[in-house]
Amino acid sequence: MKLSRIIFLLIAAIAPLAAPAQTGRSAYDFLTVPTSSHVYGLGGTNITVIDDDVTLAEQNPALLGAEIDRQAAVSYMHYLGAANFASVRYGQAAGEHAAWAAGLRYLNYGEMQGYESDGTPTGAFTPSDFVFEGTYTHDFTYRLRGGINLKMIYSSYEQYSAFAMAADVGINYYDDEHDMSLSVVFKNMGGQIKRFDRSYDRLPFDIQLGWMQTIGSSPFALSITANNLTRWHLHYYEHTEEDGVQEKELKSTFAKDFFRHLIFGVQYQPSDRIYVDLAYNYKVRSDMSAYQRNFFSGFSVGLGIKTRTFSVGAAYAMPHKSASTLLINLGLQISELL
């Protein structure tokens, strides 16, 4: 059976079952922003990439293992507008078949001006989010690994604050003989404990499937990641102009919904020391059609270089026609220094 048919059947089977749980939008969409430049270069979501990189645990806890022994990493992203995101993560082995990691994410959206409902200014404030994470993984067999990532989420928006807890559960199957990786992840299961105001906000619960495969003995690998599987219909608006009048037309067809669930990536890795990523995210590109997208909308690129003790990675994408984003990772293999 062809891979495309397998992915189609998995999406078609899962999406209708989970669709009732996902209506409307989440107030915690910042949880979908990656902390790994390797992942950002592969489209922003990837749960199958195999690398000795502790930041991958944020995407899929099962990508953390005993091979990542005493490694620390920091990341920084300049996001849209005045938003800046930063994170730090540390991981180490727990015996021969297990590992743990801990991390902190800080999201700052820049200074804003506050006003009362009648227009009276209340002064400047800086909305921010903090995510504290703890990860544990264990090898079930030589090729099968499972992991869990627990998150405590604190948000502060002027005089309002909220607290939530969530968990990611992931499984990865890696065939090293054929360099093939398969994963499934249940992301952001949980909810608010302390609400902002009167109502409780949802977390962006998601089910994700992933496949990554090296092409023969070449240095190229292909990846397909299916996300947003908790709902099938992913409507969007397309920008049109007729007789000088600009309009937005709602788009929703079976083919468009199907491909808006998929992220396609290709990785060139001539050695263990360097990689180059290129990815295409159709959902990002189609979302930007209402804003008169440019050529780069939906594409992302990444580059990573590592030595025995140090690694650096960078990824670039343009999620909006008027703004681009840059994510940088720095990693340190502490065990090699001791």
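Rounded to the nearest Hz, the phi-derived 3J(HN,Hα) couplings of segment 100-112 under the Karplus curve 6.51 cos²θ - 1.76 cosθ + 1.60 (θ = phi - 60°) are 9, 8, 9, x, 9, 10, 10, 10, 10, 9, x, 6, 10, where x marks glycine and proline.
Amide H contacts of GLY114: THR122, GLY123, ALA124, PHE125, each under 5 Å away and 5 or more positions distant or on a separate chain (H built 1.01 Å from N in the peptide plane; Pro and chain starts excluded). In order along segment 264-281, phi translates into HN-Hα couplings of 10, x, 9, 10, 10, 9, x, 7, 6, 9, 8, 8, 9, 10, 9, 9, 10, 10 Hz, rounded to whole numbers, per the Karplus curve 6.51 cos²θ - 1.76 cosθ + 1.60 with θ = phi - 60° and x for Gly and Pro. Computed extension length for THR307-ASP52: 90.6 nm, one decimal, from 0.36 nm per residue of separation with the Cα-Cα distance subtracted. Taking the chain as the region of interest, the number of lysine pairs whose Cα atoms are within less than 30 Å, with members eight or more places apart or on different chains, is 21. Sorting 53-65, 120-132, 28-40, 149-161 by average packing, meaning the other beta carbons within 10 Å per residue, from highest down gives 53-65, 28-40, 149-161, 120-132.
What the phi angles of segment 176-185 give under the Karplus curve with 6.51, -1.76 and 1.60, with θ = phi - 60°, is a coupling list of 5, 5, 10, 6, 10, 10, 10, 9, 9, 9 Hz, glycine and proline written as x. Subtracting the Cα-Cα distance of THR253 and MET189 from 0.36 nm times their residue separation leaves 20.2 nm of extension gain. Rounded to the nearest 20, the Cβ-based charge dipole of the chain about its Cα centre (Lys and Arg +1, Asp and Glu -1) stands at 380 debye.
Geometric descriptor of the chain, per residue, is 160 Å³ (volume of the convex hull of the Cα atoms). Across segment 40-191, Cα-Cα distances exceeding 24 Å account for 40% of all pairs. How much FRET efficiency would the formula 1/(1 + (r/R0)^6) give for LEU278 and THR126, where r is the Cβ-Cβ distance and R0 is 35 Å, rounded to 0.05? Calculated value: 0.50. Ranking MET77, PHE140, GLY304 by Cα position along the charge dipole of the chain, where only Lys, Arg, Asp and Glu carry charges on their C-beta atoms, puts PHE140 farthest toward the positive end.
Surface analysis of the chain yields an accessible area of 49 Å² per residue, using protein heavy atoms and a 1.4 Å probe.
The values are calculated or read from the model by the stated rules, or taken from the named source; none is laboratory data. Since we're looking at a predicted model, the values are computed, not measured. Heads up, the Cβs are rebuilt from the backbone with ideal geometry, glycines too, and the neighbour counts pull from every protein chain shown. Just the protein is used for accessible areas: all its heavy atoms, side chains included, with ligands, DNA and RNA removed. Shrake-Rupley method; radii C 1.70, N 1.55, O 1.52, S 1.80 Å.
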